[in-house]
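J.: What follows is a structure written as structure tokens; I'll ask about it next.
The values are calculated or read from the model by the stated rules, or taken from the named source; none is laboratory data. Bear in mind that the values here come from a model prediction, so they are computed numbers and not experimental data. For neighbour counting, all protein chains shown are included, and Cβ atoms are generated from backbone atoms with ideal geometry for every residue, glycine included. Heads up: the accessible areas ignore ligands, DNA and RNA and are worked out on the full protein's heavy atoms, side chains in. Shrake-Rupley method; radii C 1.70, N 1.55, O 1.52, S 1.80 Å.
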Amino acid sequence: MATKRPRHGGSLPRLRAVAEAKAAHAAPKVPSVPMDRVLHELQVHQIELEMQKDTLLRTQAALEDSRDRYMDLYDVAPAGYLTLTKGGKITELSLTAAGLLRDERGKLIQGQFLRFIAPKDQDKWQIQLHHAFKTGGKHNCELTLALADGSTFEACLDYLRTGTKDSYAVRVAITDISARKQAETELRIAAIAFESQEGMVVTDPDGVILRVNRAFTQLTGYTAEEATGRKRVLLTSNRQDADFYRNIRQTLIRDGYWQGEMWNRRKNGELYAEWLTISAVIAPDGSTTHYVGAFSEVTKDKEAEAVIHRLAYYDALTNLPNRRLLHDRISQAMVGSSRSGHHVAVVFMDLDNFKSLNDTRGHDVGDQLLMEVARRIQAHVRAGDTVARLGGDEFVLILEHLSSDAHAATIQVATLGEKIREAIAHPCELDGGEFNCTASFGVALCHGQKDTVATVLKNADIAMYQAKGDGRDRICFFEAPAPC
């Protein structure tokens, strides 16, 4: 019996070998990987995924923090921010914007911004908004915003178009500029006031001139360029002493304000009187930053006052003090004598032959003699002494600061009186020829305020008549009668 051949045409080992050969030929052989290496790579992969996750979380946290900071800045920034549609509706706004418009943010959303524009500025805003949507770019305008409670404030609006053509919006920043507008108004008022008819000068605390106005130039003759950078002493007239200016400084330091009359000098050397007001500019820390001086000329008033004073107190012919001022001067001299202890002499002087001159040559020539006698007396008295004319040919001299010793004071008066007597006795050249004139002198010494002014004058008059009785052209001293 013949052996039956296997169905696959060969032995099983042979078939397996053939199959493996085919399989090897059909696909490359993949080398085997150890399990521990696979596990290691999986662990590395997991770590990398966790690191990437951590990075993403940190990035997300940073973005959220940045967004929160932006929202905080957006909401609390000094300027108020809002977003408007093309129709003018509010779609977004910051807390500051809601505060400026004095309403809740939720109630303002989708509302018309136009209702907050003052009626006088509504057309202006509509034109501005339309222009912004049409042209893009940055724009700004200033207008008045009107609130629901009836109040208003001045605002500056800075706005910018954003988005694409199909979804344009305008972002607006609102700034309250009411304080700035008020300051500008005050500055304009101050500028007008500064250019008033009064002279104005601004100095630093040391008195250096920083600014002057046109009236200053007109009143002083100094241009702004000539005055700026120099001290205000360039106007000093030297008619006020150091104590006067020291008092001004002390008053300014104490009160921050001073006003009064002052004599100053123009650029051409001419003196003028002014009424001056000085105000200190005080900084918040209490320091003085500037001084502002305002002055107007009162020279004409001062001249009129001087004329009135001269008519009231001075002799029109000789310019010497008259009887009214003489009494005041004697009273002051007696008060000074009480304080110092020095003697005072009142000298009554009368021309001996004046009446004959008036009768023979006329009053005009007589007036010439009186003026010449006044000049000669003044040429010999001391700076602190007084020469007065009572009227006619009567003159009175007040000699102060004599010795405290009565005998020594008498010698001082006699010495000075002799010089004056000799000066008067020199011939005078008058219209119509030379004239010889003499005078008689009566002296009353006083010490303190024991006697009245009237008594002292009476005593000097008595002594003068004694000199007349003794032959004229001499000096006699009053001697009080001996007590009974």
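J.: Would you mind getting the Kirkwood hydrodynamic radius of region 303-445 from its Cα pairs, rounded to one decimal in Å?
T.: Details: mean 1/r = 0.0624 Å⁻¹.
Evaluated on region 303-445, it is 16.0 Å.
J.: Can you tell me the mean projection area, over all orientations, of the convex hull of region 175-299's alpha carbons? Units nm², please.
T.: Values: hull surface 35.5 nm².
So the Cα hull casts an average projection of 8.9 nm².
J.: If you don't mind, another one. With n ≥ 4 as the cut-off for DSSP H runs, can you work out [θ] at 222 nm for the chain, using -39500 (n - 2.57) per run divided by the number of residues, rounded to the nearest 500? Walk me through the numbers before you get to the answer.
T.: Numbers: 15 runs with 221 residues, N = 484.
-15000 deg cm²/dmol, from helical runs alone.
J.: Leaving out ligands and nucleic acids, note down the accessible area per residue over the chain with a 1.4 angstrom probe, in whole Å².
T.: On the way: 29830 Å² over 484 residues.
With all protein chains present, the chain gives 62 Å² per residue.
J.: Students often get this wrong: which residues of region 208-227 have the backbone nitrogen under 17 Å from the point 7 angstrom along Cα-to-C-beta of Val202?
T.: 208-217, 224-227
J.: Which sequence of Met371, Met464 reflects their accessible areas, 1.4 Å probe, from the largest down?
T.: Working: Met371 90, Met464 0 Å².
Output order, biggest surface exposure first: Met371, Met464.
J.: So how far apart, in nm, are the two label points at Asp166 and Glu142 if each is 7 Å from Cα heading toward Cβ?
T.: Between Asp166 and Glu142, the simple spin-label model gives 4.2 nm.
J.: For the chain, what is the convex hull (Cα atoms) projected area averaged across all directions, in square nanometres? It would help to have the intermediate numbers written out before the result.
T.: Working: hull surface 247.5 nm².
The Cα convex hull of the chain, projected and averaged over all directions, gives 61.9 nm².
J.: How large is the direction-averaged shadow of the alpha-carbon convex hull of region 374-484, in nm²?
T.: Working: hull surface 33.2 nm².
That works out to 8.3 nm², a quarter of the Cα hull's surface.
J.: Once you place label points 7 Å from the Cα toward the Cβ at Ala242 and Asp54, how far apart are they in nm?
T.: Distance between label points: 8.3 nm.
J.: Evaluate E = 1/(1 + (r/R0)^6) for Ala193 and Glu270, where r is the Cβ-Cβ distance and R0 equals 25 Å; express this FRET efficiency to the nearest 0.05. Provide the component values of the computation, followed by the final result.
T.: Working: r = 27 Å, r/R0 = 1.09.
Computed FRET efficiency for Ala193 and Glu270 comes out at 0.35.
J.: Still on this structure, please answer the following. Could you tell me the calculated FRET efficiency between Lys86 and Leu42, based on Cβ-Cβ distance and R0 = 56 angstrom, to the nearest 0.05?
T.: Details: r = 58 Å, r/R0 = 1.04.
The formula returns an efficiency of 0.45 here.
J.: For Arg310 paired with Thr288, estimate the spin-label separation in nm (one decimal), with each label point 7 Å from Cα along the Cα-to-Cβ line.
T.: My value for the distance between the label points is 3.7 nm.
J.: Using the alpha-carbon centroid of each, what span in Å lies between region 227-258 and region 288-328?
T.: Measuring centre to centre over Cα atoms gives 21 Å.
J.: Summing +1 for each Lys or Arg and -1 for each Asp or Glu, what net charge is found among the other residues whose Cβ lies under 10 Å from the Cβ of Lys138? Write out the running numbers ahead of the final one.
T.: Numbers: positive: Arg161; negative: Asp158.
Cβ neighbours under 10 Å give a net charge of 0.
J.: Now a separate question. Quick check: at a probe of 1.4 Å, how many percent of the accessible area of the chain sits on carbon and sulfur atoms?
T.: Details: 16280 of 29830 Å².
Roughly 55 percent of what the probe reaches on the chain is carbon or sulfur.
J.: Sort out for me the Cα centre separation of region 423-467 from region 33-53, rounded to whole Å.
T.: 136
J.: Hey, can you rank 420-428, 397-405, 441-449, 246-254 by average C-beta count inside 10 Å, highest first? Mind dumping the intermediate values first?
T.: Working: 420-428: 16.3, 397-405: 18.3, 441-449: 20.9, 246-254: 12.7.
By packing density, highest mean first, the sequence is 441-449, 397-405, 420-428, 246-254.
J.: Kirkwood hydrodynamic radius, computed over distinct alpha-carbon pairs, for region 148-237: how many Å, to one decimal?
T.: On the way: mean 1/r = 0.0574 Å⁻¹.
Its Kirkwood hydrodynamic radius stands at 17.4 Å.
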